[in-house]
Amino acid sequence: MGVMLLLGIVASRWRRPQDIHNLEEWGVGGRAFGNWTTWFLLGGSMYSAYTFVAVPALTYGVGALGFFAVSFATITTPLSFVYSTRAWSVAHRHGFLSPGEFSAARFGSRALGAAVAVTGIVATMPYIAVQLASLRAVLQTVGMPGEWPLLAAVTVISLSTFRSGLRAPALLSIAKDVLLGWVVVAALLVVAMSGGWGETFRKAGEHFAATPSKTDGLLLGGSMGQTAYLTLVIGSALSIFAYPHALTTMLAAKDRATVQRNAAALPIYCMVLGLMAMLGFFALSQGVAPVGRDLNTIMPQMFQQLFPAWSAGIALAAFGIAALIPAAVMSIAAANAFTRSIYRAYLHPAATPAQEARVSRWTSLVVKLGAVGCILLLDPAFSVDMQLIGGVIILQTVPAAFLGLMTGWFHRLALIAGMVAGLGVGLVQLYDIPQLGAGGIVVKAHFGGSITTIDGIPVYVGIVALLVNLAVVVFGTIVLRLLGVRTGRDATRPDDYDADADDPMVKRLETLLDGLPSNPAGVHAAGRGQRYPY
């Protein structure tokens with residue numbers, strides 16, 4: 001693990017360009033990653049410790065409900081094929097680096113762009129916290145409890161991204177997937193040698209049947225559990241596109257074909273996610289117990305107890321790196337959002353590329369520290385809940401950042417009003433959700449989860465807040481248009497959303513990281529200081 005972190009620090013020398021001290025190079029790797037680099041980076045950032053630690057912990061604790069992650073990942077695949085290509089084209093033609101920057105240009109409003117950026121940054125912190133909580137679980141398993149080992153690991157990955165930008169997690173993702181390949185094979189071997197999946201499900205079913213809870217089990221608990229499951233799936237599938245890091249990984253690709261190939265191959269990761277979810281049942285069947293009350297330690301504990309020491313070491317190192325890579329990508333994406341939508345838009349419009357890169361470097365450190373704060377303040381029963389809480393927040397940017405790729409009909413003021421309304425409803429509901437312990441005892445009065453009840457029906461808070469948001473946006477747009485309130489100027493054109501790498505207007509750098517010939521004639525000025533009239 002130490003060798004891999006060192007690899008991240010020296011990643012700035014990997015196919016080094018003439019100048020890495022600009023946001024195009026530091027923040028999106030020169031927009032020129034090829035098929036394999038994009039594939040590993042996408043897997044490293046989107047299928048993270050959430051997949052390998054948090055999801056098995058959830059299935060271990062509540063059973064079938066934890067499989068919502070598999071369903072939403074499956075839905076995400078075809079949506080990504082459409083969304084990512086359109087986002088790649090318009091971002092490369094105009095030089096966008098974040099959803100906020102696109103929203104500002106699409107709807108002609110700097111204020112909207114800043115609101116999307118701030119919301120994205122705040123929502124990203126709990127998501128990073130999921131990764132750090134998983135890393136803490138690995139460290140606890142190997143006998144390093146407390147916060148100082150976690151802070152030390154965060155410091156090391158912060159140094160690597162501060163120096164190398166997106167290249168550090170891209171290079172680490174390749175090595176991480178090699179290790180995780182062994183983890184998957186080893187897990188299948190141990191399950192087969194322990195009686196197979198039939199025995200696993202039988203013992204897990206007996207465990208859930210003996211618990212006092214009515215919400216856990218191998219099957220969803222009737223229509224009530226199905227409603228919670230369905231809303232979690234829909235909300236998570238939509239929210240993943242609005243996170244800044246989802247756009248960052250795709251913007252690093254060199255052309256639309258690279259984006260499409262990677263989107264088409266995502267079901268491979270979905271199958272791995274399903275396997276990891278079932279390992280939560282396997283841990284139950286083998287009597288694996290967490291360290292203390294931290295269910296995130298279930299997967300590290302299972303490997304430590306059931307595998308040979310050398311194999312467990314490989315698995316634990318892979319889990320640790322799987323936590324640090326997405327934390328790095330997410331912090332870079334959040335930093336890009338701040339730099340382009342707030343720093344350059346309001347504080348320093350004449351910022352040079354080097355100044356932008358410097359601000360993003362320091363902002364990425366602040367975002368990581370904010371994530372550590374989320375761990376200490378929220379501390380939910382399941383680390384997945386931190387991601388779901390972040391999902392409630394980021395879902396409120398869906399009308400501007402996601403639906404905006406399909407239509408420019410919404411009014412900018414209605415989008416801002418809808419976002420405020422959705423955030424207000426979502427945060428109030430999250431505040432009122434208690435964390436329940438064994439026997440239904442209230443462990444914590446506020447921010448204890450992300451499932452609320454409406455007329456006795458459990459639903460994901462994010463969906464409720466998003467529906468309020470959309471109602472305000474649609475109604476507000478109709479009213480504002482009837483009143484003749486001026487809309488913002490759309491700085492994009494319909495053909496922007498279909499542009500490819502051979503388009504002379506597409507923004508490209510002169511030096512491509514994957515060794516292709518340079519294309520000076522294809523440089524577009526929009527990415528280097530162009531200002532839109534909003």
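The values are calculated or read from the model by the stated rules, or taken from the named source; none is laboratory data. Model, not experiment: these values are computed from the prediction. A quick note on method: Cβ atoms are made from the backbone with ideal geometry, for glycine too, and the neighbour counts reach across all protein chains shown. Remember, those area values only see protein heavy atoms, side chains included, never the ligands or the DNA or RNA. Shrake-Rupley method; radii C 1.70, N 1.55, O 1.52, S 1.80 Å.
Assorted remarks:
- Normalising the average separation of contacting C-alpha pairs (under 8 angstrom, six or more residues apart) by the number of residues puts the relative contact order of the chain at 31 percent.
- Quotient of C-alpha Rg and 2.2 N^0.38 Å, computed over the chain: 0.94
- FRET efficiency for the pair Glu199 and Ala309, taken as 1/(1 + (r/R0)^6) with r the Cβ-Cβ distance and R0 = 30 Å, rounds to 0.75.
- Estimated vicinal HN-Hα couplings, Hz - the range 343-356 in sequence order (Karplus 6.51, -1.76, 1.60; Gly, Pro = x): 5, 6, 6, 10, 8, 8, x, 9, 4, 7, x, 5, 5, 4
- Packing-based ranking, highest mean first, of 322-330, 94-102, 475-483 given that Cβ atoms within 10 Å are counted: 322-330, 94-102, 475-483
- With Cα atoms, 0 to 90° folded angle of helix 35-46 axis to the chain main axis: 60
- Helical content of the chain, expressed as a calculated mean residue ellipticity at 222 nm, amounts to -21000 deg cm²/dmol (DSSP H runs of 4 or more residues, -39,500 (n - 2.57) each, divided by residue number, nearest 500).
- Helix 461-482 and the longest principal axis of the C-alpha atoms of the chain enclose an angle of approximately 20°.
- Ranked by the mean number of other Cβ atoms within 10 Å per residue, highest first, peptides 71-82, 360-371, 484-495 order as 360-371, 71-82, 484-495.
- Of all beta bridges that DSSP places with both ends in the chain, some 80 percent have antiparallel geometry.
- Taking Cα centre as origin and charging only the Cβ of basic (Lys, Arg, +1) and acidic (Asp, Glu, -1) residues, the dipole magnitude of the chain rounds to 1040 debye.
- The modelled label-to-label distance between Ile457 and Val479, using points 7 Å beyond Cα along the C-beta direction, is 2.7 nm.
- Among the protein heavy atoms of the chain, carbon and sulfur supply 68% of the accessible surface, probe 1.4 Å, non-protein parts ignored.
- Modelled spin labels at Trp362 and Ala209, positioned 7 Å past Cα toward Cβ, are 6.2 nm from each other.
- The peptide list 231-243, 268-280, 204-216, put in order of mean Cβ contacts within 10 Å with the highest first, becomes 231-243, 268-280, 204-216.
- Rounded to 10°, Cα long-axis angle of helix 309-338 versus longest principal axis of the chain: 30
- Tally of Lys pairs whose C-alpha atoms are under 24 Å apart, taken over the chain, 8 or more apart or cross-chain: 5
- Taking 7 Å steps out from each Cα toward its Cβ at Ala289 and Asp432 produces label points 3.9 nm apart.
- The range 93-112 versus the range 114-173: alpha-carbon centroid distance in Å: 27
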